[in-house]
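The numbers here are math on the coordinates, done by the rules we state, and not lab data. Note that the coordinates shown come from a computational prediction; the quantities given were computed from them, not determined experimentally. Here the Cβ positions follow ideal geometry from the backbone for every residue, glycine too, while neighbour counts run over all protein chains shown.
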Amino acid sequence: MEIKQVEFGGGVSLGVINTDKFKNNWFSLSFALPRTPENIANVGVLANVLKRGTQKHRTMKEIERYLCSLYDLSVDITDVTVDYDLIFKIQVGFIDDAFVPLGERVNVFEGAIEFVKELLFEPLAENGEFSKDYTESEKKHRIDKIKAEINNKDVYAFKRCNEIACEGTPLAYNGNGTIDTVSAVTPKSVYGTLQYAVGHCRAEAVFAGNYTESKEEVLKEFLSTLAAKREGKALSPRTERVSLKAFDKTKEVTEQIDAKQGRMVLSFSIPKSDDRADMSVAVFNEIFGGSPVSRLFTNVRERLSLCYYCSSMAEKSTWRVIVRSGIDIENRQKAIDEISRQLGLLSNPENISDEELESTKISILSSYDAMSDSLPNLVSWYMRMRWYGLDTDIEAIKERVRAVTSADVADIARGTKMQVSYFLDGKEE
Amino acid sequence: MGTKTEIVRNAFIGEEMTKITHASGLMIYVIKKEFKSAYAIFGTRYGSFDNEFVVDGENITVPHGIAHFLEHKMFETEDGGDTFEQFAEIGADANAYTSTDRTAYLFSCTEDFYKAFETLVNMVVTPVFTKENVEKEQGIIAQEIKMCEDRPSNTLHYNLMKALYEKNPVRIPIAGTVESISEITAELLYKCYNAFYRMNNMAICVCGDVDSDKILEIVDRYVPSVSESEVEFSDEADSPRVNAALVSEEAEVSKPMFRIGVKFPEGTSENSCACEILWEALFSSCEDFFSDIYESELVSGYRYYYEYSRPCSYFAIGGDSDSPEAVFKKFKEYAAKTVANGVSKEAFERAKRNAYADVIRDFDYSEEIAEGMFESFLVNENYLDIAESYQAVSYDEVQELAKIALSDERFCMSVLYPRAKSPLKGE
């Protein structure tokens with residue numbers, strides 16, 4: 001699938017994925033801010049304050065009714081972490097004009113881009129600040145969200161392990177912020193964050209869908225306007241990548257909670273490669289714990305019946321593999337022993353059969369092929385790859401997957417070391 | 001009766017579906033799309049709701065959670081292996097799920113579709129239940145049950161079911177309880193399989209760049225052209241009166257969570273589109289109720305939905321609130337006002353527009369299309385008619401539904417309150 005790249009200057013780029021295979025189109029615009037506690041708090045509140053009103057649509061109800069008039073225009077304003085950066089993102093999904101019912105005079109795409117422009121250039125702000133009421137209201141919602149993290153024990157345990165493993169780096173900061181940092185947010189600081197993003201932060205835009213001439217004109221006008229707002233201004237630096245602290249001995253942390261089941265999260269460091277595009281880590285992770293036929297699933301769950309789930313995920317920005325399992329404390333050590341045993345087995349390439357290696361690669365290649373069947377997935381992936389500074393040529397990536405050998409996988413397993421063992425012990429009162 | 005094939009078309013949304021009625025009674029639906037990946041479901045009209053049934057005149061009661069347990073065991077092969085491995089060898093991503101009224105086995109893949117499809121069909125028609133494999137699974141599913149019990153949203157939902165219904169099995173978690181699954185045996189699994197996994201109670205739904213003739217060829221190899229007697233489903237009428245106005249308990253949550261339910265036993269496949277439009281017109285983020293409770297900071301994490309399936313039909317709204325009682329009061333006031341003044345015409349038009357957009361959105365995903373076909377099979381509807389079904393809903397119909405549904409006796413609430421102390425011990 002060909003992706004056309006267009007540069008607008010001022011750190012504004014557009015990727016175009018042109019396809020007429022779908023009934024809906026997608027557009028995403030993201031800004032990279034330094035990942036600091038203050039930015040996390042302000043961006044989190046900003047994402048929701050923007051939805052409360054614009055100069056043209058001054059209440060949430062007016063906004064929602066406007067989006068409905070554009071056939072339920074889907075608008076997602078959020079923040080994510082990509083690599084070490086805090087990414088502030090606006091993503092819109094909308095039906096193609098070809099599927100607007102006959103007789104309805106609605107230009108959905110133009111309406112969608114006009115709305116994005118309202119959000120960025122004409123938010124509901126006066127004298128350099130957002131409404132005090134809206135800001136305080138969204139601060140409260142954000143604080144509620146922080147307090148509610150404990151409701152989902154799986155996610156809570158994962159975050160706690162992450163905080164410990166990434167201590168001292170920007171990745172240790174809670175993605176929702178903290179009660180203190182969100183409480184310190186003001187209508188002026190939120191508005192200032194928006195102006196900073198619009199005026200100083202690198203911006204990656206992606207369009208996926210039926211890219212007609214009229215759509216091209218609308219997008220070029222919008223993105224040129226955005227680029228012009230940065231003319232002569234210095235662009236914000238990217239967040240500096242900081243290596244994680246290496247522990248000589250596994251750091252073990254146990255916390256207790258009233259719950260029926262414990263949650264275990266293990267953070268392992270893996271060998272770093274100078275080549276960030278190397279796909280050996282992806283293949284290793286899939287074999288280790290990334291699928292229902294992985295070593296962890298078939299052994300810790302199926303053979304030993306220790307848990308319902310035991311899986312792994314790879315995080316290349318921090319060179320880690322993270323294992324997660326819902327497990328009772330009496331089975332914790334047995335599970336860790338088996339996980340370590342499987343790592344040991346994988347350290348020898350003779351323990352990785354050709355069939356296992358090939359079916360793993362097929363699974364990964366299949367997921368890349370399947371990506372082109374979902375425009376939002378493709379948009380999200382492309383945006384992430386651009387922020388990582390990695391190759392977006394899917395065929396080239398697939399070749400790299402095919403080139404991975406069992407020796408490559410074994411090298412990673414051999415260099416994998418448990419750094420943090422976190423357990424959220426579930427004990428009912 | 002021989003196998004019958006028909007082509008169903010919808011010119012406006014530009015889709016075409018092949019509908020095959022196999023000689024065995026099995027339904028096969030195929031929508032061809034030029035996607036790289038294909039998605040296939042082989043499902044049955046059988047879920048956690050069906051724990052009392054009649055087979056050959058014999059009344060049978062089985063432990064709760066057996067439909068889900070059976071689903072887990074279907075992946076086991078005769079030699080003690082796992083069908084997941086067979087799917088993995090060809091790069092297919094397989095899964096399964098059980099809900100109150102259905103069980104589905106599915107996969108998606110970008111290559112070797114027919115090989116994966118054959119694996120799926122063979123797996124579903126060849127159950128292997130043994131004493132040993134049942135005992136092993138009890139440990140795994142017990143862990144799954146505990147995991148689900150730790151999810152507040154799970155507890156909130158099942159308490160809502162208890163508030164709505166006195167006896168309906170939807171009150172019991174789909175996976176059952178640790179106690180109920182300990183009573184499951186291989187013999188009982190076979191009883192349930194033979195009762196509900198009859199071809200005339202099942203459907204295959206496929207979306208992707210596939211050939212329906214080849215799909216039929218594979219089905220013919222594994223499914224005999226013999227029809228069995230049809231499964232009997234009892235259709236007991238239910239009262240509109242709820243079981244309890246309020247079900248509440250304490251849980252490990254930071255703030256009260258609530259779900260308000262409106263019992264609607266009059267729900268049918270014929271009026272389900274109208275019911276969805278009614279709820280959208282009253283409770284979407286475009287409407288007064290939501291803007292009132294959000295801007296007064298009464299609710300966060302808001303959701304609203306209409307649930308229609310064979311076991312149950314109800315409306316719901318939910319969220320987090322420091323004062324669920326105040327939300328419930330506002331809800332009742334809003335309901336009374338709607339009954340008195342009617343549903344707003346503009347809100348009705350907005351709801352129809354959103355419903356139409358949802359349908360168009362779903363047609364971009366092979367998984368949504370295959371699931372949509374399966375859903376339509378379960379309610380005996382034509383999937384390609386769905387856009388027109390929403391368009392055909394009239395304002396008068398929605399007004400009538402509002403008058404029936406929005407009465408006090410049908411309202412109930414489930415609430416989870418935080419425990420008095422911090423959920424993290426030692427803080």
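Brief remarks on what is shown
- Model label points for B:Lys4 and B:Lys337, set 7 angstrom from Cα along the Cα-to-Cβ axis, are 5.2 nm apart.
- Between 0 and 90 degrees, the angle of helix B:212-222 with respect to the longest Cα principal axis of chain B falls at about 70 degrees.
- Cα-centre dipole for the stretch A:189-249 with unit charges at Cβ (Lys and Arg positive, Asp and Glu negative), debye to 20: 420
- Of the cross-linked pairs A:Lys145/B:Lys162; A:Lys21/A:Lys215; A:Lys159/B:Lys329; A:Lys21/B:Lys345; A:Lys23/B:Lys19, those separated by over 26 Å at the C-alpha level are A:Lys145/B:Lys162; A:Lys159/B:Lys329; A:Lys21/B:Lys345.
- Backbone N within the stretch A:38-71 under 15 Å of label point (7 Å from A:Glu114 Cα along the Cβ vector): A:54-58, A:63-71
- Listed by Cβ neighbour count within 10 Å, with the fewest neighbours leading, A:Lys23, A:Lys251 appear as A:Lys251, A:Lys23.
- Angle in degrees between helix A:354-371 and the longest Cα principal axis of chain A, rounded to the nearest 10: 10
- Counting Cβ atoms of other protein chains within 10 Å of each Cβ in A:65-71 and taking the mean gives 5.
- Charge dipole of chain B about the Cα centre (unit charges at C-beta), most positive-ward option of B:Ala163, B:Ala335, B:Thr185: B:Ala335
- Charge-dipole axis of the stretch B:90-162 as Lys and Arg at +1 and Asp and Glu at -1 on Cβ define it, positive-most pick from B:Ser153, B:Tyr105, B:Ala94: B:Ser153
- Each Lys and Arg contributes +1 and each Asp and Glu -1, all at the Cβ; summed about the Cα centre of the protein assembly as shown, the dipole is approximately 2740 debye.
- If you run the Gaussian network model on chain B, springs between alpha carbon atoms under 10 Å, then out of B:Val398, B:Val170, B:Val125 the most flexible one is B:Val125.
- The aspartates and glutamates whose alpha-carbon is closer than 20 Å to the alpha-carbon of A:Lys245, local same-chain residues fewer than 8 away aside, are A:Asp83, A:Asp85, A:Glu163, A:Glu167, A:Asp274, A:Glu315.
- For chain A, diffusion coefficient by Stokes-Einstein and Kirkwood Rh (Cα), 20 °C, 1.002 mPa s, µm²/s: 91
- Cβ-defined net charge surrounding B:Phe196, 12 Å radius [Lys, Arg +1; Asp, Glu -1]: -2
- Lys/Arg +1, Asp/Glu -1 at C-beta; chain A dipole; positive extreme among A:Val265, A:Cys310, A:Ala410: A:Val265
- Neighbour count of at most 15 Cβ within 10 Å plus DSSP loop: longest trypsin sites (Lys or Arg not before Pro)-free window in chain B: B:242-418
- Neighbouring Cβ atoms from other chains, within 10 Å of the Cβ of residues in B:239-252, number 1 on average.
- For B:Val343, neighbours were defined as the other residues whose beta-carbon sits under 14 Å from its Cβ, and their charges (Lys and Arg +1, Asp and Glu -1) total -4.
- The angle between the Cα long axis of helix A:153-165 and the main principal axis of chain A comes to about 80°, on a 0 to 90 degree scale.
- Anisotropy class of the protein assembly as shown from Cα gyration tensor, a/c 1.5 cut: rounded
- Distance violations [Cα-Cα > 32 Å] among A:Lys132/A:Lys260; A:Lys153/A:Lys334; A:Lys272/B:Lys33: A:Lys132/A:Lys260; A:Lys272/B:Lys33
- In this Cβ point-charge picture (+1 for Lys and Arg, -1 for Asp and Glu), the stretch B:334-386 has a dipole of about 560 debye about its Cα centre.
- As a rough footprinting exposure proxy, the listed residues A:Trp381, A:Trp26 were ranked by other beta carbons within 10 Å of their own, and the order from fewest upward is A:Trp381, A:Trp26.
- A simple spin-label model places pseudo-atoms 7 Å from Cα toward Cβ; at B:Lys403 and B:Asn200 they are separated by 4.1 nm.
- The GluC sites (Glu not before Pro) found in the stretch A:240-292 that occupy coil by DSSP, while having at most 13 further C-beta atoms within 10 Å, are A:Glu240.
- Shielding by partners, peptide B:149-161 (average Cβ within 10 angstrom, other chains): 2
- Only aspartates and glutamates eight or more places from A:Lys427 in sequence, or on another chain, were considered; those with a Cα closer than 14 Å are A:Glu255, A:Asp258, A:Asp328, A:Glu330, B:Glu149, B:Asp150, B:Glu252.
- Under the shape rule built on the C-alpha gyration tensor, where the axes satisfy a ≥ b ≥ c, the stretch A:5-116 is oblate, since a/c reaches at least 1.5 while a/b does not exceed b/c.
- Theoretical FRET efficiency, 1/(1+(r/R0)^6), r = Cβ-Cβ of A:Glu167 and A:Arg303, R0 35 Å, to 0.05: 0.50
- Remark: the Cα gyration tensor places chain B in the oblate category, a/c being 1.5 or greater and a/b not exceeding b/c.
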